[in-house]
Amino acid sequence: MKFIYSVIVYLDDCFDVEDPSYLLNKEFQQIIGEKNVSADYEVKDVVMVNIEQLMRLEKFFADENLDLAYLIT
């Protein structure tokens, strides 16, 4: 099975609230449901990540103390 991770990286702090993420995920899941996605793929929920937070964690990723794939699962 192959996994598809949908990640939106944003800069504007206005997206730090839960509503945009919830609404995007709801719309995304509806679109995925309408498409003919092969059973070989599992499409994960949309994850929204603030670019500033990623930059703060850059050293942890580089030192392999954190795994981005694990964090967004």
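Points to keep in mind about this one:
- Identity of the residue in region 2-26, of a type in the set (A, V, I, L, M) and free of Cβ contacts under 8 Å to residues at least 24 places away in the same chain, that ends up least open to solvent (accessible area, probe 1.4 Å): V17
- Contact map, region 27-44: first residue of a type in the set (D, E), second residue exposed (fewer than 10 other Cβ atoms within 10 Å of the Cβ) and in a loop (DSSP other than H, G, I, E, B), Cβ cut-off under 8 Å, separation 6 or more or different chains; pairs are D40/M1; E42/M1.
- Applying the criterion of being open to solvent by less than 50 Å² (accessible area, probe 1.4 Å) and over 11 Å from the mean Cα position of the chain (by Cα) to the residues of region 47-60, the residue that is nearest to S21 (Cα to Cα) is L54.
- Leading residue by the ranking (nearest to M1 (Cα to Cα)) among those in region 30-46 that are in a loop (DSSP other than H, G, I, E, B) and open to solvent by 100 Å² or more (accessible area, probe 1.4 Å): N36
The values are calculated or read from the model by the stated rules, or taken from the named source; none is laboratory data. Bear in mind that the values here come from a model prediction, so they are computed numbers and not experimental data. For neighbour counting, all protein chains shown are included, and Cβ atoms are generated from backbone atoms with ideal geometry for every residue, glycine included. To get the accessible areas, we keep the full protein, side chains included, count just its heavy atoms, and leave off ligands, DNA and RNA. Shrake-Rupley method; radii C 1.70, N 1.55, O 1.52, S 1.80 Å.
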